[in-house]
Amino acid sequence: MLTDHFRPQSFNGIDDIVIVGGGLAGLFCALKLAPRPVTILAAAPIGHGASSAWAQGGIAAAMSPGDTIDKHVADTLVAGAGIVDEKMTRMMVAEGPARIHDLLEYGVPFDRDLEGKLILSREAAHSERRIVRVKGDMAGKAIMEALIAAVRKTPSIRVLEGYVVEDLVREGRFIAGVIARPDAGQSKKRVSFPARAVILCSGGVGHLFAVTTNPTEACGQGVGMAARAGAIIADPEFVQFHPTAINIGRDPAPLATEALRGDGAQLINSAGRRFMLDIHPDAELAPRDIVSRGVFAEVQAGRGAFLDCTKAVGKHFPDMFPTVYASCVAAGIDPVTQAIPVVPAVHYHMGGVLTDAAGRTSIDGLWAAGEVTSTGVHGANRLASNSLLEAVVFAARIAENIKGMLPEPKITDWGGNAGENDDPVTLEDSPALKRLRLVMSENVGVIRSRESLTRAIREISTLERENTRLRFTNILATAKLMAAAALQRTESRGGHYRSDWPEPRAEWKHRSFLTLADAERIIAEVTELEPA
Ligand SMILES: Cc1cc2nc3c(=O)[nH]c(=O)nc-3n(C[C@H](O)[C@H](O)[C@H](O)COP(=O)(O)OP(=O)(O)OC[C@H]3O[C@@H](n4cnc5c(N)ncnc54)[C@H](O)[C@@H]3O)c2cc1C
């Protein structure tokens, strides 16, 4: 039995904004809310444990002379495979250039040419050069360094690092605060943070799967927590696999950025054959799901897949892509002269907590921004470099919405004791999480079927019966939503591929919206219909 010692407190005398997560979405939102007091609770020290710091490509924004909002929207719609929310996308794309200027003001050193103009690069499935980068593949690190410095200089922002939030506190229709466990989740003590506004910015779900490019903190806690509190979750079945994670057995798997293919690197198998030419007219620059399945097929067939950068990048590799270069060299591969072994890895979750244009979820008092959300701008497949854009655009919109909605606080109460319990085991070491990751990769991965999804659902149910930990309950809730939505969607679209339904179907040309109760109903039906 899970024990919960928290006594919900009323708003009396308490007026606070709590941001869960210190990645790009969380930090940007806190800065935009300043001088309004906010508390950021981050599972790891900010700058660590966040996908934002690892972003290699950059941010997409229609800023080059030949580019337009319409072109950026059109590319996003195509990538999203028919179910992108066009209105939300147009709004995001239109606000992109202004948010890039905000980032410049916070001190982000985006690459510029000799005249001082921003250099815009091209990436797969973008029809124009529109990615702002930093020193080739250093965008995420540089953006986070600049924002962390800005946050540290802003007295209204309190950052509590190593606080793992494991529960949202619901009082009637409102979210009234969060419960967190300090010491990177290792403490027996649990702390309550009553709040008038909770902004969920807890990132993605990569660590629900065995092979991922995401940091360990990206394990779907946010989606699970919100779903347990009753929030509507959208499109949880849509997972983007990055086709070119470096296949050297590291967890998380380092990434060979898309920009390498943008610069002409080619995918070959062990026989030297350029296999993507047979699969899509755009070959290596085809949408990510198609390239992922191409790479997956070569790896499954035992031929292996390799990214050959020797001609396209060659001796410029160390200068142009220092992060990828360092990962390769550490594994004994010299990408200047050798092809890099690659494998698809879970990279990005298009689904998440449903929000509106102001970042509001379906529960009062709970907002969400960044990868934990599903705003509708990615549809069934994210266009590369649109996720950092989404994080800043919606984080800024949340700040505006909260400023307009909640009056300035008079008193702040920085939290209180929420009791103790025996739940502080490092999740990464837990055999149950390891088992879940294998189950998800094998059955809810690049290729799915009714059979594999039913298998996953049974395994998840077994893990749930054996579980006694709240954080793992969150993770299992996210896994259930993903598997149930994938089972329900009897078609293939974008990042969701069903071998038993390999084509898109007109009746499924829409987003999925479900609560945890809906997912549990789907799960109960399949387990009753097909007993083990
Ligand atoms: C290797 C890599 C490269 C990428 N490259 C690009 C790119 O070039 N362009 C692009 O647009 N996108 C890219 N992406 C995707 C993009 O980085 C992410 O979608 C984006 O950074 C998400 O930002 P975020 O703030 O939502 O989440 P994150 O940056 O992941 O931050 C989440 C924060 O929440 C914290 N957290 C998690 N759970 C809890 C909890 N329970 N309690 C408290 N804190 C918690 C984490 O520690 C972290 O501080 C890349 C992703 C990866 C992994």
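Could you tell me the calculated FRET efficiency between SER127 and GLU171, based on Cβ-Cβ distance and R0 = 41 angstrom, to the nearest 0.05? Can you show the working numbers first?
Details: r = 48 Å, r/R0 = 1.18.
Here the calculated transfer efficiency is 0.25.
I need the calculated FRET efficiency for the pair LYS434 and GLU520, taking r as the beta carbon distance and R₀ as 22 Å, to the nearest 0.05.
Values: r = 24 Å, r/R0 = 1.10.
Working from the Cβ atoms, E equals 0.35.
Suppose the chain between ASP356 and GLU442 were pulled fully straight at 0.36 nm per residue; how much longer would it get relative to their current alpha carbon spacing?
27.6 nm
Note down the relative contact order for the chain as a percent, whole number, built from C-alpha pairs under 8 angstrom at least six residues apart.
Numbers: 1260 pairs, mean separation 118.2, N = 532.
22 percent.
Percent of accessible area on the chain owned by carbon and sulfur, 1.4 Å probe? Mind showing how you got there, number by number?
Details: 10530 of 19810 Å².
It is 53 percent, rounded to a whole number.
Using +1 on the beta carbon of Lys and Arg, -1 on that of Asp and Glu, and nothing else charged, what's the dipole of the chain about the Cα centre, debye to 20? Intermediate results must be reported in sequence, preceding the final value.
Working: 58 positive and 63 negative charges, 62 e Å.
It works out to roughly 300 debye.
Work from the charge dipole of segment 473-514 (Cβ charges, +1 for Lys and Arg, -1 for Asp and Glu, about the Cα centre) and give the residue of PRO504, ALA477, GLN488 farthest towards its positive end.
The residue sitting farthest along the positive end of the dipole is ALA477.
When the distances between all Cα atoms of segment 300-396 are binned every 5 Å from zero, what whole-number percent does each bin get?
Percent of Cα pairs in each bin: 3, 11, 17, 13, 11, 11, 12, 10, 7, 4, 1, 0.
For a quick protection proxy, order the peptides 332-341, 269-278 by their average other-Cβ count within 10 Å, most packed first. Before the final figure, lay out the partial values.
Values: 332-341: 17.1, 269-278: 14.5.
The densest-packed peptide leads the list: 332-341, 269-278.
Please give the FRET efficiency for ALA297 paired with GLU530, using the beta carbon to beta carbon distance and R0 = 30 Å, rounded to the nearest 0.05.
Working: r = 28 Å, r/R0 = 0.94.
In this case the efficiency is close to 0.60.
At q = 0.12, 0.24 Å⁻¹, what log₁₀ I(q)/I(0) does a Debye calculation on the Cα points of segment 455-532 give, no solvent, two decimals?
Rounded to two decimals, the profile gives -0.37, -1.18.
Can you give me the Kirkwood hydrodynamic radius for the chain, using every pair of distinct Cα atoms, in Å to one decimal? Mind dumping the intermediate values first?
Values: mean 1/r = 0.0433 Å⁻¹.
Across the chain, the inverse of the average 1/r is 23.1 Å.
For segment 209-254, report the accessible area per residue in Å² (1.4 Å probe, heavy atoms, rounded to an integer). It would help to have the intermediate numbers written out before the result.
Details: 970 Å² over 46 residues.
I get 21 Å² per residue for segment 209-254.
If I stretch the segment between ILE69 and ASP251 completely, what's the gain in nm (0.36 nm per residue apart, minus their alpha carbon distance), one decimal? Could you put the intermediate results ahead of the total?
On the way: separation 182, 0.36 × 182 = 65.52 nm, distance 3.78 nm.
Using 0.36 nm per residue and subtracting the Cα-Cα distance, I get 61.7 nm.
Give the lysines reachable from LYS434 as a straight Cα distance under 22 Å; neighbours fewer than 8 places away on the same chain don't count.
Excluding near neighbours in sequence, the set is LYS480.
Run the numbers for SER156 and GLU400: contour at 0.36 nm per residue of separation, minus the present Cα-Cα distance, in nm. Don't skip to the end; give the middle numbers.
Numbers: separation 244, 0.36 × 244 = 87.84 nm, distance 1.64 nm.
86.2 nm is the gain from fully extending SER156 to GLU400.
Nearest 500 deg cm²/dmol is fine: what mean residue ellipticity at 222 nm does the chain get from its DSSP H runs of n ≥ 4 alone, each adding -39,500 (n - 2.57), divided by its residue count? Write out the running numbers ahead of the final one.
Details: 14 runs with 177 residues, N = 532.
Value at 222 nm, helices only: -10500 deg cm²/dmol.
Which cross-chain or sequence-distant (5 or more) residues have an amide H under 5 Å from the amide H of VAL169, H modelled 1.01 Å from N in plane?
ALA176, GLY177, VAL178, ILE179
Tell me the Kirkwood radius of segment 146-187: reciprocal of the mean inverse pair distance over distinct alpha-carbon atoms, in Å.
Numbers: mean 1/r = 0.0816 Å⁻¹.
Across segment 146-187, the inverse of the average 1/r is 12.2 Å.
Enumerate the aspartates and glutamates that LYS153 could reach by cross-link, defined here as Cα to Cα under 19 Å, with residues fewer than 8 away along the same chain left out.
Cα-Cα hits under 19 Å: ASP102, GLU105, GLU145, GLU161.
Normalise the Debye intensity by I(0) for segment 121-167, one equal point scatterer per Cα, no solvent, then take log10 at q = 0.19, 0.21, 0.29 Å⁻¹ and round to two decimals.
-0.77, -0.82, -1.06
Can you tell me which aspartates and glutamates have their Cα less than 19 Å from the Cα of LYS71? Leave out same-chain residues fewer than eight positions away.
The qualifying aspartates and glutamates are ASP85, GLU86, GLU95, GLU123, GLU128, ASP282, GLU390.
For VAL78 paired with GLU466, estimate the spin-label separation in nm (one decimal), with each label point 7 Å from Cα along the Cα-to-Cβ line.
With each label point 7 Å from Cα toward Cβ, the separation is 4.7 nm.
The values are calculated or read from the model by the stated rules, or taken from the named source; none is laboratory data. Small disclaimer: the values here were computed from a predicted structure and weren't measured. A quick note on method: Cβ atoms are made from the backbone with ideal geometry, for glycine too, and the neighbour counts reach across all protein chains shown. Calculation scope for accessible area: heavy atoms of the full protein, side chains included, ligands and nucleic acids excluded. Shrake-Rupley method; radii C 1.70, N 1.55, O 1.52, S 1.80 Å.
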